[in-house]
Each structure stands twice: as structure tokens, then as C-alpha cells.
Amino acid sequence: MNKALRLSTPSCSDDHDPAALPADIARQRILDKITPLGVEDTERLPLRQALDRVLSEDIMATINVPAHNNSAMDGYALNAHDLPVSGIRELRVVGASFAGHPFQGVCGDGECIQIMTGAVIPEGTDTVIPQEQVEPVGSTHLRIDGRTRAGDNVRAAGEDIRLGQTVLARGRRVTAADLGLLAALGIPQVSVMRRLRVAFFSTGDELRSVGEALRPGEIYDSNRYTLYAMLTHQHCEFTDLGVVRDDPSALRTALQSAAHGYDVIISSGGVSVGEADHVRQVLGVLGDIAFWKVAMKPGRPLTFGHLGKTVFFGLPGNPVAVMVSFCQFVQPALQRLAGETPAPPLSLRAVSASALKKRAGRTEYQRGILSQAEDGSLSVCKTGEQGSGVLTSMSRANCFIVLPSEQTRVEPGTEVTVQPFAGWL
Ligand code: AMP
Ligand code: MG
């Protein structure tokens, strides 16, 4: 049977479509079809190179951090039973413990040891009196009062990380703090997933690349730039395959050559109805591909499936729809493919300062500017015209205003849900 015959014919103009797939269900269907990279896709890397990579092993602590009980202050270490219950007490200073140069002896009754921040707590002591709270008596003695409590100013061995503890779990993307943790454990190398290999291209006879002159009716291709940027922030390896003309054989050639050697192929444009929309026809024959109308705006038409082992996303052509679809579908899929444990995006409630137009029956991802008043309250205003092709609405924004399917028009002063851009948009 010709697979292309099974295709439905969505149109972007019939906005309300009860058959359209809710965005959450579309995302789940995609995730269900993605198999994470396996053990053959891991590599061991020196620590610094592991930044932003996904761990393919649990990291266990082979030492305590800190390794010894140590002082949190510059001062004097003593045994708590020498703390005066009332009044003043005089102690003899019998030695010093510096960071990296521990005191070698044992501290006895009525004695104390000068100690610096980070220095090992000497044997026979369990409490540190800060320097400012003692009164020196000559060069060998000092006076203390009862302000300090037993155990004060001592950092316990293993209070940060306990020997044997799982510090970082497989599936974790290594952050700056994680890199420091691994170094604190003395771990020189870690096992991580390889980077994903992604290829992307645009489709459209009207598209010109930056550096070329525009002829009448032509526009510059911006989707390859937003995709380049978003994939860079997802730490992928990628190849820009340029613009593919609205011609089935050009498209077939592009897809067939890209289907080998990449984990993911992303195209934009050509997935809605229209004379020139060939992606659907070509793909229907080449692979196991679904064509969905998703109940969302922007980003209604979506194509997803596999060309052999390669995951394929056919995103809409409109520039804002590309970015929204990437956030909603591609980014979670890349995370899963890379073996990363997903973290749902941060959602906050904010008062809308703008009136928002909205139809029932689809989730809308409007673009907003979230701001915080001096009293801490959050408000959001929309970034002007919200058309799927209005890329300035994205560029000015710092969040999505997520309006649920059943929602209709939003009056100013109403609370809405916002998802702040997580630093990579
Ligand atoms: P299509 O889905 O191919 O019908 O494209 C929908 C709209 O997005 C049309 O106005 C296209 O000109 C525009 N478009 C498609 N691809 C790009 C691109 N790579 N850069 C900028 N605009 C595009
Ligand atoms: Mg097109």
C-alpha cells in the first residue's frame, strides 16, 4: 500500500479541530518512541571536558568530604569540658593547627590549640572558640568566657559528602557545581554519553541564505539560525544542510543522504498543506512517519517519526512555530535520546498586564516579558503582535505565557502561567 495515501490533509486555517492532538499527548507519543543511546555510545572524558555532558554512570564517593573534622573559624580549639559554665577561664596554648599542617600531639585538660579555618581539629578537642572571643594573656595563655557551646565552629568529616554515597546519578547533565564536586572527590575522569549528532535543513523556494541577494518574493532563512543556536545550547554536534528546494527529488536526496550518520534530522517548512509541501509525501514513502495536527499555537502541523534508526522532526516553517515546537517536542526528545533525566520546565504564576486574545481548543504559547515588582510580585505583558511568523515577539520575550486549551480571552489583572526561558532561548 502506498503510505502516502494514509495521510490526512490538515489546513492551518481551520483553527478549531477536535481531532487535533493535545500538545502533552504529542510529546508523550514522541518520548515513547525514543530509545536512549546505549553503553556503546559512552566515552570516558577528563573532568573539564565532561562539563555539560550527560553522565552514563552513577558517581560514588570514595572519600569523605571534608576528609577530616576541621575548623570553620580562625580561633582556638579546646575540649568542651573546659568551657566555663560561668565567669572566665584561663587556658594554656600548647600548639597550632594550620590548614595543611595539622597539630601532631594531643590537647590535654586546661589546654587549647591555635587553629585556622580548614585546619584539622586536633585530637582531644571538639570545639573552636573564634579568635575575636578570646583575650590573650602574655604569649602562652588566653582567657575565654562561656559564650561558645560544645561543638561550635567545627565542620564534621563527611558533612558535605559521605563515603559510599551516590553523589551524582547517571543521566545527570554535569553543571559547574558538579564539576567542582567531582574534583572535591579527586575523580579525574568520568564516563559520559557521546554528543548527539543532529542535521537540520530548511525547505522553501523562497528562502535565501545570509550573504545572498534577495530577489522579488524571497526572504532570508532564519530557521537555520535559531536551530543552530538552540542545538548549540543543547550541546549537540550538528550539521547545517542548508536550504532544500520545494522539489520532491531534491528532498528525497537530502533525506536519504542525511539518514545515515545522524541521530536526529530536523527540517522546517513544507509540512502544512499546499502545492509545495513535499516533506509529507516524500517521508510517507521513506520512513515510519506520523503527521499530526497538534492543538497548539504556534506550531500546529508536526511531523515525527524514524528514517531507519534516525529520528526525524518536520517542524512548521513559521519562525516562531519552529522555536516553540523545538521547546515542546525536540528538546525533551533530545534529552531522552541523550540519556538525560528530564527536568520539567519551571512554571510560575504571574498577573497578566495585557489583554490576551485566545481561542478555546488549543494550548497557546504566547511570548511575554516577565518582571518582578519591589514587593516580589510577578507580572507579565505580551511582546506585541503574536503571529507565528513574528520573530521579534520571541526575541523581546523572556518567557512563554502558557494558556491552557479551555482558556479563552484573558483580561488584564488575571493570573496566568508563565514558563521563564531557561537561559538557552
Ligand atoms: P511553510 O510551512 O513551508 O508553508 O512555511 C510557512 C511560513 O514560514 C512561510 O511564510 C514561509 O515563507 C516561512 N518560512 C519557512 N521556512 C522559513 C525559514 N527557514 N526562515 C524563515 N521563514 C520561513
Ligand atoms: Mg514552504
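All conditions in (1) surrounded by fewer than 22 Cβ atoms within 10 Å (Cβ to Cβ); (2) within 15 Å of ligand 2 (Cβ to nearest atom); (3) farther than 18 Å from Leu391 by Cβ hold for Glu218, with the sole exception of (3).
For the stretch 205-240, residues that are touching a residue at least 12 places away in the same chain (Cβ under 8 Å), away from ligand 1 (no atom under 12 Å from the Cβ) and outside any helix (DSSP H, G or I) total 6. Of all residues in the stretch 196-209, none satisfies being open to solvent by 70 Å² or more (accessible area, probe 1.4 Å), at pLDDT 95 or above and more than 21 Å from Ser268 (Cα to Cα). Number of residues in the stretch 59-84 that are in a loop (DSSP other than H, G, I, E, B), closer than 24 Å to Gly138 by Cα and open to solvent by 20 Å² or more (accessible area, probe 1.4 Å) equals 4.
Mind checking which helices (runs of 4 or more DSSP H) fall wholly inside the stretch 303-415 and carry at least 2 residues that are free of Cβ contacts under 8 Å to residues at least 60 places away in the same chain? Show your work before the answer.
Values: elements: 319-325, 331-337, 392-395.
Because the criterion is at least 2 residues that are free of Cβ contacts under 8 Å to residues at least 60 places away in the same chain, the helices (runs of 4 or more DSSP H) in the stretch 303-415 that meet it are 392-395.
Would the stretch 61-68 turn up any residue that is in the same structural domain as Ala184 (by TED's automatic domain parsing), at positive phi and of a type outside the set (Val, Ile, Thr)? Within the stretch 61-68, none of the residues are in the same structural domain as Ala184 (by TED's automatic domain parsing), at positive phi and of a type outside the set (Val, Ile, Thr). In the condition set (1) within 16 Å of ligand 2 (Cβ to nearest atom); (2) among the acidic types (Asp, Glu); (3) modelled with pLDDT under 95, Asp288 is compliant with all but (1). The condition (being in contact with a Gly (Cβ under 9 Å, 6 or more places away or on another chain), outside the structural domain of Ile265 (by TED's automatic domain parsing), among the hydrophobic types (A, V, I, L, M, F, W, C) and open to solvent by 60 Å² or more (accessible area, probe 1.4 Å)) is satisfied by just one residue among Ala343, Ala353: Ala353. Looking across Gly274, Gly261, one residue alone is touching a residue at least 40 places away in the same chain (Cβ under 8 Å) and either within 10 Å of ligand 1 (Cβ to nearest atom) or not in a helix (DSSP H, G or I) (or both). It is Gly261.
Looking only at residues in the stretch 260-282 that are more than 13 Å from ligand 2 (Cβ to nearest atom) and either modelled with pLDDT of 85 or more or basic (Lys, Arg) (or both), which one is farthest from Lys309 (Cα to Cα)? Among those that are more than 13 Å from ligand 2 (Cβ to nearest atom) and either modelled with pLDDT of 85 or more or basic (Lys, Arg) (or both), it is Val282.
Given the options Ala177, Ala150, name the one that is touching an Asp or Glu at 6+ places or on another chain (Cβ under 8 Å) and either within 16 Å of ligand 2 (Cβ to nearest atom) or open to solvent by 40 Å² or more (accessible area, probe 1.4 Å) (or both).
Values: Ala177 fails: touching an Asp or Glu at 6+ places or on another chain (Cβ under 8 Å).
From the options Ala177, Ala150, the qualifying one is Ala150.
Please go through the stretch 102-158 and give me each residue that is of a type in the set (D, E, K, R) and closer than 17 Å to His81 by Cα, ordered by number. Show your work before the answer.
Restricting attention to the stretch 102-158, the residues satisfying the condition of being of a type in the set (D, E, K, R) are 109, 111, 123, 126, 132, 135, 143, 145, 147, 149, 152, 155.
Those that are of a type in the set (D, E, K, R) and closer than 17 Å to His81 by Cα: Asp109, Glu111, Glu123, Asp126, Arg143, Asp145, Arg147, Arg149, Asp152.
Yes/no per residue for (1) over 30 Å from Pro316 (Cβ atoms); (2) in contact with a helix residue (DSSP H, G or I) (Cβ under 6 Å, 6 or more places away or on another chain):
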{"position": "Ala150", "(1), (2)": "yes, yes"}
{"position": "Ala177", "(1), (2)": "yes, no"}
{"position": "Ala183", "(1), (2)": "yes, no"}
{"position": "Arg195", "(1), (2)": "no, no"}
{"position": "Glu206", "(1), (2)": "no, no"}
{"position": "Leu214", "(1), (2)": "no, no"}
{"position": "Gly217", "(1), (2)": "no, no"}
{"position": "Thr226", "(1), (2)": "no, yes"}
{"position": "Gln234", "(1), (2)": "no, yes"}
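Taking each residue of the stretch 174-199 that is on the phi > 0 side of the Ramachandran plot and looking for partners that are outside any helix (DSSP H, G or I) with beta-carbon atoms closer than 7 Å, six or more apart or interchain, yields Gly186/Ile63.
Arg224 fulfils the conditions (1) outside the structural domain of Gln281 (by TED's automatic domain parsing); (2) open to solvent by less than 30 Å² (accessible area, probe 1.4 Å); (3) more than 30 Å from His68 (Cβ to Cβ); (4) among the charged types (D, E, K, R) except for a single criterion, (1).
Within the stretch 326-336, identify whether any single residue is crowded, with 19+ Cβ neighbours inside 10 Å and over 17 Å from the mean Cα position of the chain (by Cα), and answer yes or no. No. If you go through the stretch 397-416 and keep only what is touching a Lys or Arg at 6+ places or on another chain (Cβ under 7 Å) and open to solvent by 70 Å² or more (accessible area, probe 1.4 Å), you end up with Thr408, Arg409, Glu415.
Have a look at Thr148, Thr117 and point out the one that is closer than 22 Å to Ala67 by Cα and either outside any strand (DSSP E or B) or in contact (Cβ under 8 Å) with a residue 40 or more places away in the chain (or both). Spell out the reasoning first.
On the way: Thr148 fails: closer than 22 Å to Ala67 by Cα.
Testing whether each residue is closer than 22 Å to Ala67 by Cα and either outside any strand (DSSP E or B) or in contact (Cβ under 8 Å) with a residue 40 or more places away in the chain (or both) leaves just Thr117.
The values are calculated or read from the model by the stated rules, or taken from the named source; none is laboratory data. What you see is a predicted model; the values in this text were computed from it and never measured. Methodologically, a virtual Cβ is constructed for each residue, glycine included, from the backbone with ideal geometry; neighbour enumeration extends over all protein chains shown. Quick note on the areas: whole protein, heavy atoms, side chains included, nothing else; ligands and nucleic acids left out. Shrake-Rupley method; radii C 1.70, N 1.55, O 1.52, S 1.80 Å.
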